[in-house]
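Novice: Pasting in a structure now, in structure tokens, and then I'll have a few things to ask.
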Amino acid sequence: MSNGPSPVTFTYLTQTIEGFEGEPVAAALRRAGILELGRSGIDNSSRGAFCFMGSCQECRIRINGTVAYACKAPVFSNMTITPYAQS
Amino acid sequence: MTVALHEKPAVYDAVIVGAGVMGATTALFLARAGLNVAMIDRQDMFRAASGVNAGTLTLHMTRAQLIPHAIRGREMWLNSAEWLGEDVGALATPGLSMAFTEAEEDLLRQRARVRQEMGAPIEIVSPERAISIEPGINPGLRAAAYCALDGHIPTYRVGGAYARALKQAGVTLIENAAVETIASSGGQGYEIRLANRNQAVHAHRVVLSTGAWLEKMLGWFGHDIPIRCLINQLVVTETLSPVMNSVLSIANGLLSLKQFANGSVLIGGGWQGEGNIRDGGTRVIPENLQGNVRLAQHVVPQLNTAQILRVWLGLESETPDAMPLIGPLTHDDNAFVVGCVHSGFTSGPYMGRLLAERILGADPDLTAFDPYRFSSSPATGSQP
Amino acid sequence: MPSPDFSPVTVIGGGIAGSTAAIALSRHGLPVTLIDEQSEAGGQIFRAPSPYARQTVPPNHEFSGGDTLRGKLAASDVTVRLGTRVWGLSPSLTLDLIGSDGMSQLPPSTVVVANGATERFFPFPGWTTPRITGLAGASILMRNGGTLPGQTVVVAGSGPLLFSVAHQVLELGGKVAAIVDAGSRTDWFRLGAMLALDPSRMAQALSWMGQLRKAGIPIHHRSFLSSAQETESGLLLTVSEMDHPQRRHLYAAETAACGYGLKPSTLITRSAGVQHHHDALGGYLEPVTDVAGRTSRPDLYVTGDAAGIRGMAVARLRGLVTAHALAQDRGLISSATYESLTRTPRRQLRRLDAVSRRMLPLMNAGRELAASVHDDTIVCRCERVTAATLRSAIHSGAKDLNQLKAWTRCGMGPCQGRMCEDSARNLVTGTCKNTPEDAGSFTARMPFFPLPLTSVTGTFDYSDIPLPKAAPL
């Protein structure tokens, strides 16, 4: 059996979020009530995790500045998450 | 049985083979002059060079001798609503060509000079002036050539606009039909045989505008002109916040960089991929992808935050002297060619219109583009 | 029997089919590299649960099956490259990769494509809000992430995943406001009879349905989500009946999950130029394969759901048969050995394949929806292209998907048409008389997903750039 999950905190924009190490970022953000992960570069509409399997490209975020997929990138302590879209 | 009002003629006044910008513009002006016109393409219309090019309206990269044509072509794009029937979204911007080394600066000045002589409003500016025009460029440049007349078009809007214009002008469009032979039909014009179609198409006149696929067809009319096929690479990024306003290039002409209204940046410049004209299949050469993109990032350092969305290749045709082929292919003035125009998208509509005017009896100066310049013994007619 | 050929094999995709094939291939003595984009093997069905999910989700077959598979893989000689994605390939099957260690290339090898399935979607007004996820997506979030998509969920779309997702919502303590199924009740009864051939799947389906009925969850058959409106606290969802469009049912929920079945992921196989055909039953494009996953290219095999959607039991069997067939093609085993090694799996495969094929029309029960989608609805999520724009381009003469893409940008965005291709195709076939074959599919282009520009450029000096000779004056 694996060990129990370790609780950690990280930030999304200015918010402090609680999550568990190794879980997908999208899951931790969703439990914190955050569904919007960015905005469309075309019409500024909200985007969020949709397919959860790396196809739709809509859950992309930046983790400490580097682009990542929220549906699979694992949570780690003190990470800083910002939306991907630049507009 | 009633006769359909729009029954197609047994023999078209003109058949255009190759549905890209040049052929389609010729078709459009011929049809508007009252001719019965059909246009044939081996695939869907506007899917080769005319559909996948960088949409550049630049004078920096056009061949110097074609500057007057490029200026007219650029004007046509900017006024497309007037002659095409809809605005295709062409945007006028300045253009900056940059030099980063001493050798490049020499080249920049040389290229600017010959273009100035041909009427391009190009001036050499200092790095400070260049940066004030375009703050996002690499401050390490030595000099820049500034041209007030530049710009770009979102290429994707062009095909549909032509489709609607041609339909309205009554041009018959025959797509996904490769032309197998064009034969003279006993003084009655031409018989055009198509792959996978039983019925041949008949026409009093034919116009070849098949771009990279011209060589074989020119041979049918006795013109032995080797057509070189360039396989130009294009890279587009995802949308990003504004990083440039003008069209950027470098002295040797191997970069074209622009940002469209939607925020995506298009990186081109004629870096080569692999491909063949048999099936149009192409493949990216990884080193050339890297080289092209490095050059772009060198010119606009902020591109380091961009994501590469797609890479593709388009086929461009070139004659041995890199000058266009526009004019009659036969002495009876019934077969014509238009193509192999360097930076063909920029001047394409103007070139297509020139040929239409020539076919309709006007006498534009096409001397430099005459296909007979490559032949020692002029052809007398067409042979399949 | 040809002389044995021990040159390398690359398996793309570490799901059930790919991992099974990779292990079997390495047992035949072949050097095998398995590439998978996730941080652990298992694919979508056997996706490794997060530490949090291990605590919140009750133990289940997918967890234990996945752990067993990962254990076998670890004990094998397979070189596993996790967190690595294929972003391009050359005609000779050099693979362009990107991973946490940056860009790399894998020289040409025999490739076994086992990259599974992609979910199919049909658009409706409001479907782009972040409150709506895919159906498979919701399942992954719950199984892999132990997290509910919302406290109240409307589960919509088609196929067996509907009931699996509804079950998972209840399991995690959430509420299912309604189940909205494009398929008819009769379809399910007919399928029920077939499922007798597959008792384990039958038992599971029956237990889910019983549980959902007991929970008193409304189930609408021959129905679809016709709109989603955002409210203060969530969504107001309209359910319409396919046969009685005037009959509508309204539900409030925090989120909705919606998906219309699966389709093979074909970007890699299309890019490699293997022959594909349109499977009318599944309503999707699939590579043409024989029972062992051989394609029109001798150096490329396709196995698992990537060769046509048949589900997890078939995926394992296909993985095995593909591996043995490849070993036979390489001269490592005789045809008699192949026959004896694959006799049982091939027999099981025939039986299960028949059952799974019957499931396809049920998964594709929403096929008629895209053609009737409202003009204002966004079809291409990336480029925000509406149905009206697509219809107008089709009327102007774009009757093939690539022309439609060229004229409207539909499918040109970051997802490369994975989300909108089915709707676009159905719009073409519904608007003009073209068949799905005529309408075709979007040309696969590199990179298969967006790449950070700096991963291509790396660190360089201006003098490193191999500038070609200047363009003519």
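Novice: Name the residues of the range A:54-87, by number, that are at least 40 Å² less accessible with every protein chain in place than in the isolated chain; the surface is that of heavy atoms, probe 1.4 Å, without ligands or nucleic acids.
Specialist: Buried-area filter returns A:55, A:57, A:58, A:60, A:72, A:84, A:86.
Novice: Taking all protein chains as present, what is the carbon and sulfur share of the accessible area of chain B, in % to the nearest whole number, probe 1.4 Å?
Specialist: Roughly 49 percent, rounded to a whole number.
Novice: At most 10 other Cβ atoms within 10 Å plus a DSSP loop assignment makes a site exposed; report the longest stretch of chain C without any exposed trypsin sites (Lys or Arg not before Pro).
Specialist: Longest run free of exposed loop sites: C:1-432.
Novice: May I pose another question? Enter the accessible area per residue of the range B:53-201 (Å², integer; probe 1.4 Å; all protein chains in place). Intermediate results must be reported in sequence, preceding the final value.
Specialist: Details: 6210 Å² over 149 residues.
With the other protein chains kept in place, the range B:53-201 gives 42 Å² per residue.
Novice: Take the Cα radius of gyration of the protein assembly as shown and divide it by 2.2 N^0.38 Å, with N its residue count; two decimals is plenty. Show your work: numbers first, answer last.
Specialist: Working: Rg = 29.6 Å, N = 944, 2.2 N^0.38 = 29.7 Å.
Ratio of Cα Rg to 2.2 N^0.38 Å: 1.00.
Novice: Can you give me the accessible area per residue for chain A, using a 1.4 Å probe, in Å²?
Specialist: That works out to 41 Å² for each residue.
Novice: How large are Rg and Dmax for chain B when calculated on the C-alpha trace, in angstrom?
Specialist: 21.4, 78
Novice: Between the helical axis of B:102-117 and the dominant principal axis of chain B, each derived from Cα atoms, what acute angle in degrees is found, rounded to the nearest 10?
Specialist: So the helix axis and the longest Cα principal axis differ by about 50 degrees.
Novice: Pull out a ≥ b ≥ c, the square roots of the eigenvalues of the alpha-carbon gyration tensor of chain C, then state rounded if a/c is under 1.5, prolate if not and a/b is larger than b/c, and oblate in the remaining case.
Specialist: Oblate.
Novice: Looking at the range C:339-473, I'd like the Rg to Rh ratio, where Rg is from alpha-carbon atoms and Rh is Kirkwood's inverse mean 1/r.
Specialist: 1.19
Novice: What is the Å³ per residue value for the convex hull set by the Cα atoms of the range C:345-388?
Specialist: In the range C:345-388, the Cα convex hull volume per residue is 88 Å³.
Novice: Here's another thing I want to ask about it. Which positions within the range C:128-161 get 40 Å² or more of their accessible surface covered by the other protein chains, compared to the chain by itself, with a 1.4 angstrom probe?
Specialist: C:130, C:133, C:141, C:147
Novice: If you don't mind, another one. Give the calculated FRET efficiency between residue C:337 and residue B:274 to the nearest 0.05, with a Förster radius of 56 Å applied to their Cβ-Cβ distance. Spell out each step's value before the answer.
Specialist: Values: r = 41 Å, r/R0 = 0.73.
Efficiency at R0 = 56 Å is approximately 0.85.
Novice: Quote the total accessible area buried by chains A and C together, excluding ligands, DNA and RNA, probe 1.4 Å, nearest 100 Å².
Specialist: Chains A and C together bury approximately 3000 Å².
Novice: Can I ask one more? Could you pull out every Cys in chain C that lacks a partner Cys with its beta carbon under 4.7 Å away?
Specialist: Cysteines of chain C left without a disulfide-compatible partner: C:258, C:382, C:415, C:432.
Novice: Leaving ligands, DNA and RNA out of it, report the carbon-plus-sulfur percent of the accessible area of chain A at a 1.4 Å probe.
Specialist: That share works out to 51 percent.
Novice: Treating only the Cβ of Lys, Arg, Asp and Glu as charged (+1, +1, -1, -1), what charge dipole size does chain B show about its Cα centre? Round to the nearest 20 debye.
Specialist: Working: 29 positive and 35 negative charges, 90 e Å.
In debye, rounded to 20, chain B gives about 420.
Novice: Provide the FRET efficiency to the nearest 0.05 for the residue C:275-residue B:82 pair, computing r from the beta carbons and using R0 = 56 Å.
Specialist: Calculated transfer efficiency: 0.75.
Novice: OK, next. Can you give the average number of partner chain beta-carbon atoms within 10 Å of each beta-carbon in peptide B:283-293, as a whole number? Can you show the working numbers first?
Specialist: Values: counts 7, 6, 1, 8, 1, 2, 6, 8, 7, 4, 6.
For this peptide, the per-residue mean of nearby foreign Cβ atoms is 5.
Novice: So, one more: With N denoting the number of residues in the range C:121-260, provide Rg(C-alpha) divided by 2.2 N^0.38 Å, to two decimal places.
Specialist: This ratio for the range C:121-260 stands at 1.00.
Novice: I'd like the mean, over residues of C:406-412, of how many other protein chain beta carbons sit within 10 Å of each residue's own Cβ.
Specialist: Rounded to a whole number, the mean comes out at 5.
Novice: In addition: Points 7 angstrom from Cα along the Cβ direction at residue C:189 and residue B:195: gap in nanometres?
Specialist: About 5.2 nm separates the two model spin labels.
Novice: OK, next. Count, for each residue of B:306-316, the Cβ atoms from other chains sitting within 10 Å of its Cβ, then give me the mean as a whole number.
Specialist: Per residue, the average neighbour count from other chains is 6.
Novice: With a 1.4 Å probe, what is the total accessible area buried between chains C and B, in Å² rounded to the nearest 100?
Specialist: Result for this pair: about 4000 Å² buried.
Novice: Rounded to the nearest 500 deg cm²/dmol, what is the calculated helix-only ellipticity per residue at 222 nm for the protein assembly as shown, with -39500 (n - 2.57) per DSSP H run of length n ≥ 4?
Specialist: -9000 deg cm²/dmol
Novice: Any chance you could check the range C:16-42 for residues losing 20 Å² or more of accessible area when the partner protein chains are in, compared with the chain on its own (1.4 Å probe)?
Specialist: Listed in order, they are C:37.
Novice: Carbon and sulfur together cover what percent of the accessible area of chain C at a 1.4 Å probe radius? Don't skip to the answer; put the middle values down first.
Specialist: Details: 9370 of 17440 Å².
Of the solvent-accessible surface of chain C, carbon and sulfur hold 54 percent.
Novice: Put +1 on the Cβ of each Lys and Arg and -1 on the Cβ of each Asp and Glu in the range C:121-260; which of C:203, C:233, C:132 then has its Cα farthest toward the positive end of the dipole?
Specialist: It is C:203, whose Cα lies furthest towards the positive end.
Novice: Hey, what's chain C come to in accessible area per residue, 1.4 Å probe, Å²? List each step's numbers first, then the result.
Specialist: Details: 17440 Å² over 473 residues.
So chain C comes to 37 Å² accessible per residue, rounded to a whole number.
Novice: Counting residues in the range A:7-83 as N, plug N into 2.2 N^0.38 Å and put the Cα Rg over that result. Write down the numbers at each step before the final one.
Specialist: Details: Rg = 11.4 Å, N = 77, 2.2 N^0.38 = 11.5 Å.
Cα-based Rg divided by the globular estimate yields 1.00.
Novice: Helix B:21-32 against the longest principal axis of chain B: what's the angle in degrees, Cα atoms only, rounded to the nearest 10?
Specialist: Here the helix axis deviates by roughly 50 degrees.
Novice: Let me ask something additional. Using only the alpha-carbon atoms of the range C:370-439, report the extent along each of the three principal axes, biggest first, to the nearest angstrom.
Specialist: 29, 22, 19
Novice: Right, something else. I'd like the orientation of helix B:67-78 relative to chain B: the angle between its Cα long axis and the longest Cα principal axis, in ° from 0 to 90, rounded to 10.
Specialist: So the inclination is approximately 80 degrees.
Novice: With a length cut of 24 Å (Cα positions projected on each helix's long axis) and a Kyte-Doolittle mean of at least 0.5, go through chain C and give me the DSSP H helices that pass.
Specialist: C:312-329
The values are calculated or read from the model by the stated rules, or taken from the named source; none is laboratory data. Computed from a prediction, not measured in an experiment: that's the story for all the values here. Here the Cβ is made from the backbone with ideal geometry for all residues, glycine too, and neighbour counts use every protein chain on show. Please note that ligands, DNA and RNA were not included when accessible areas were found on the heavy atoms of the full protein model with its side chains. Shrake-Rupley method; radii C 1.70, N 1.55, O 1.52, S 1.80 Å.
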